[in-house]
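Worksheet: the structure to be examined is printed underneath.
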Amino acid sequence: MVDLIGNMVESIEEETGRIPDAISVVIAGAVDARRGIIRSSPNLFGGTEIEFSKMLEERLGKIVYIENDATATAISEKIFGNGKSQDNFLYITMSTGIGGGVFINNRIYRGSLGMAGEFGHMVIDPLGPVCGCGRRGCFEIMAGGKGTLRIAEAMNTYAKSPYLKKIPPEKLEARHVFDGAEAGDKECIRVIDKVVENMTRGVANLVNIFDPEAIMIGGGLSNSKELVVDGIAERLQEELKTMKRNVEIFRTNQITVELSPLAVVLYEKEMPSFNYERIIREMRQKIAEKTK
Ligand SMILES: [Zn+2]
């Protein structure tokens with residue numbers, strides 16, 4: 001994988017004639033960004049520890065940044081997105097699993113091993129189904145993509161839903177259940193209702209722990225903005241009504257996700273040749289033009 005990325009960088013340099021000052025890599029997995037170490041990334045490197053930054057720096061002779069994808073998107077929300085004016089916020093990604101990033105007192109919070117923000121393995125139902133981590137009723141088995149498919153199965157939705165019947169069983173993904181609900185399929189709506197209820201329960205726990213000003217929701221399932229983002233915002237009011245919270249809920253923009261490797265470099269302010277303020281100002285202008 002290190003060789004593959006090294007080759008990619010070299011071929012981009014050849015094609016464009018432009019030589020980058022730094023390389024920033026964002027991956028799904030447990031990353032210790034301060035030490036440049038990948039602790040485990042089951043889909044890319046397996047469970048072994050890798051001194052990723054050191055290896056790629058030796059190969060390319062440039063500074064290399066490595067960061068977990070959800071943490072990187074939280075940083076990108078701070079620099080380019082909805083977090084610009086927030087000191088305390090959470091980024092929650094809802095796709096197959098659930099992950100996240102934490103901003104506290106205007107700084108990213110990585111934890112002692114760089115593994116903070118693993119919201120997906122917070123238990124929200126101790127009697128719930130067994131999660132991949134071995135515990136029962138984790139947030140992501142109750143509410144993420146995995147949770148959605150599991151709930152649909154338990155409700156026998158595949159057999160009953162006219163919308164899902166049109167999709168070959170082997171191609172069925174969680175987003176189809178969301179699409180079905182958006183198209184008005186009553187069986188899919190029942191499933192999504194339950195999923196959003198579970199999502200809100202997890203989000204309410206996080207709000208109680210972190211007391212954030214805002215929550216940004218991203219990941220594939222957040223594409224159903226009305227169902228997911230607006231649905232959680234609505235239920236959260238009810239869930240926390242005795243706690244007097246006033247939390248803004250945003251959906252993370254796709255551009256913010258795409259710019260997350262750049263955001264990681266800009267956040268650290270370690271490149272002597274960079275005019276940080278100018279780069280950030282120009283990028284924000286470009287984003288504003290693109291999202292008009
Ligand atoms: Zn778990």
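The figures follow:
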quantity: Subset of region 236-285 (residues that are of a type in the set (S, T, N, Q), over 17 Å from ALA74 (Cα atoms) and open to solvent by 90 Å² or more (accessible area, probe 1.4 Å)); calculated: GLN237, THR242, ASN246, GLN285
quantity: Qualifying residue in region 155-170 (condition: of a type in the set (A, V, I, L, M) and within 16 Å of the ligand (Cβ to nearest atom)); calculated: no
quantity: The one condition in (1) of a type outside the set (D, E, K, R); (2) part of a loop (DSSP other than H, G, I, E, B); (3) within 16 Å of the ligand (Cβ to nearest atom) that THR48 fails to fulfil; calculated: (3)
quantity: Those residues of region 130-145 which are farther than 15 Å from GLY202 by Cα and either more than 10 Å from the ligand (Cβ to nearest atom) or of a type in the set (Lys, Arg) (or both), in sequence order; calculated: ARG135
quantity: Tally, over region 11-26, of residues that are out of contact with any helix residue (DSSP H, G or I) (no Cβ under 6 Å at 6 or more places or on another chain) and not in a strand (DSSP E or B); calculated: 10
quantity: Tabulated pairs, region 272-292, first modelled with pLDDT under 90, second surrounded by 10 or more Cβ atoms within 10 Å (Cβ to Cβ) and in a helix (DSSP H, G or I), C-beta under 7 angstrom, 6+ apart or interchain; calculated: ILE287/ILE255; LYS290/ILE255; THR291/ILE255
quantity: Pair list, Cβ < 6 Å and 6+ apart or interchain, from region 31-54 residues that are under 16 Å from GLY111 (Cβ atoms) and in the same structural domain as TYR267 (by TED's automatic domain parsing) to residues that are surrounded by 13 or more Cβ atoms within 10 Å (Cβ to Cβ) and at pLDDT below 80; calculated: ILE38/PHE45
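The values are calculated or read from the model by the stated rules, or taken from the named source; none is laboratory data. Fair warning: this is a prediction, and the values are worked out from it, not measured in the lab. Backbone-built Cβ (ideal geometry, glycine too); neighbour counts: all protein chains shown. Ligands, DNA and RNA are excluded from the accessible area calculation, which covers all protein heavy atoms including side chains. Shrake-Rupley method; radii C 1.70, N 1.55, O 1.52, S 1.80 Å.
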